[in-house]
Amino acid sequence: MRKSRNISRLSLAVATMLVATFANAESPDNEANVADLRVSFLPDSTRDRKPVTTIFPNYPSIARRDRIEGEATVCFKIDIRGNVKRASVKSYTHKIFKKPALRAIRSSRFEPLQPDQVLGRTKVCRTYRFRLEPLLAEEAGK
Amino acid sequence: MGDPSATQGPKCRTSRRLAGRLLLLTILVGPMSAAEPQNNERMEAGNKVVLGVRNQPLKTGAELLLAGNYEEGVRMTHKGLAQALGSREEEAGLSNLCAGYLQLGKYDTALQYCDMLLVRNDKHWRGYNNRALIFIKTEQWDKAEADLIKGEEINAGAYTMKVARSLYMDAVHPVAPEIEIDDRKTKNRDEKE
């Protein structure tokens, strides 16, 4: 029984590593934003747990409608298998960004712990910045 | 400036169409409620006591417009407007005709009814909202902006006003949503357990 559970855990970890590196968090109410969403990622090269699947949140449709920009910082722990645990919003500029940020980090995955690594006790943090970049006339006219 | 809608993907266009429909729904709900008094309300017309809906064609017209049957909705609203009693019903009828003709793409006619409405009542925010939409459709941005400002002064929190403002902003000042993920450590940012 325990053996089969370990095998399924291992296959889950492998499958997680094989998933595309970047993806958008699925959210039915924000589907319209996916098509024209621009994303960028500033990794921390010193961190020992490398991201495997990085999920970008969708831009909340109401925030886009009302032209609200801002950011949300989430802090979380990474377990042995690379899953995100105990995620919480540490700070935010507008509450509208809390849910998409949490949803995105909970769907993200990191590399499983290597045999020579020690599981860190501290929480790590990630900031999601939501911006609305003006389109130039040429871009808008394309 | 080029056509800003050209940059939007098919999903975005679909959402715009959806937004348009939602907008119309909300535009019509208010005026319709004006045409439909409370069930237990009693209205006296001469020596006859009438219970329930006073102007049935106006109500039916609004329902047809809400259902997307604009031709028939406009026809019934005209009928209701002809037998309207009081300024409230007249304003509801004019507002619905403006919205109906707007949906039919007859912007000149829609503008006439919106103008008539706003001459009667210059505090009718739905009138400003509808007229702003006509100006957005006909790309008269300055006039659209002026009407949006007037409408927002009267009812800034209205959902339809927000949607109309968003349509205007997307057309005049288009933006692209951008999300940046920052994993870099900042001083004292990473939390100790």
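The values are calculated or read from the model by the stated rules, or taken from the named source; none is laboratory data. It should be emphasised that the depicted structure is a prediction, and the values quoted were computed from it without experimental measurement. All Cβ positions, glycine included, derive from the backbone under ideal geometry; neighbour counts span all protein chains shown.
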Going through (1) away from every other protein chain (no Cβ under 13 Å); (2) in contact (Cβ under 8 Å) with a residue 60 or more places away in the chain; (3) in contact with a strand residue (DSSP E or B) (Cβ under 9 Å, 6 or more places away or on another chain) one by one, A:Arg106 fails only at (2)
Are any of the residues in the stretch A:15-22 farther than 26 Å from B:Glu178 by Cα, modelled with pLDDT of 70 or more and more than 9 Å from every other protein chain (Cβ to nearest Cβ)? no
Of the residues that make up the stretch B:56-69, is at least one at pLDDT 75 or above, loosely packed, with under 14 Cβ neighbours inside 10 Å and not aromatic (Phe, Trp, Tyr)? yes
So, A:Pro134, is that one more than 11 Å from chain B (Cβ to nearest Cβ) and more than 18 Å from A:Pro43 (Cβ to Cβ) or not? no
Among the residues in the stretch B:14-32, are any at pLDDT 90 or above and either assigned to a helix (DSSP H, G or I) or within 14 Å of chain A (Cβ to nearest Cβ) (or both)? no
Regarding B:Lys123, is this residue part of a loop (DSSP other than H, G, I, E, B) and at negative phi? yes
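For residues that are modelled with pLDDT under 90 and surrounded by 15 or more Cβ atoms within 10 Å (Cβ to Cβ), tally how many sit in the stretch A:113-138.
Final tally of qualifying residues: 4.
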Evaluate the stretch B:91-113: report whether one residue or more is farther than 18 Å from B:Thr160 by Cβ, under 16 Å from the mean Cα position of the chain (by Cα) and either in a loop (DSSP other than H, G, I, E, B) or of a type in the set (Lys, Arg) (or both). yes
Quickly run through the stretch A:69-89 and pick out the residues that are within 11 Å of chain B (Cβ to nearest Cβ) and free of Cβ contacts under 8 Å to residues at least 60 places away in the same chain. A:Glu71, A:Ala72, A:Thr73, A:Val74, A:Cys75, A:Phe76, A:Lys77, A:Arg86, A:Ser88
What are the residues in the stretch A:58-91 that are within 30 Å of B:Ala171 (Cβ to Cβ) and surrounded by 18 or more Cβ atoms within 10 Å (Cβ to Cβ), if any? A:Asn58, A:Tyr59, A:Pro60, A:Ser61, A:Ala63, A:Arg64, A:Glu69, A:Glu71, A:Ala72
The stretch A:38-57, subset more than 8 Å from chain B (Cβ to nearest Cβ) and at pLDDT 90 or above, residue farthest from B:Met169 (Cα to Cα): A:Val52
Check off (1) in contact with an Asp or Glu (Cβ under 7 Å, 6 or more places away or on another chain); (2) basic (Lys, Arg); (3) surrounded by fewer than 23 Cβ atoms within 10 Å (Cβ to Cβ) for B:Lys106 and give me the number that stays unchecked. (1)
Out of curiosity, is B:Leu133 under 13 Å from the mean Cα position of the chain (by Cα), within 30 Å of A:Glu71 (Cβ to Cβ) and at pLDDT 95 or above? no
Tell me yes or no: at least one residue of the stretch B:140-149 is within 28 Å of B:Pro57 (Cα to Cα) and either surrounded by 16 or more Cβ atoms within 10 Å (Cβ to Cβ) or within 16 Å of the chain's Cα centre (by Cα) (or both). no
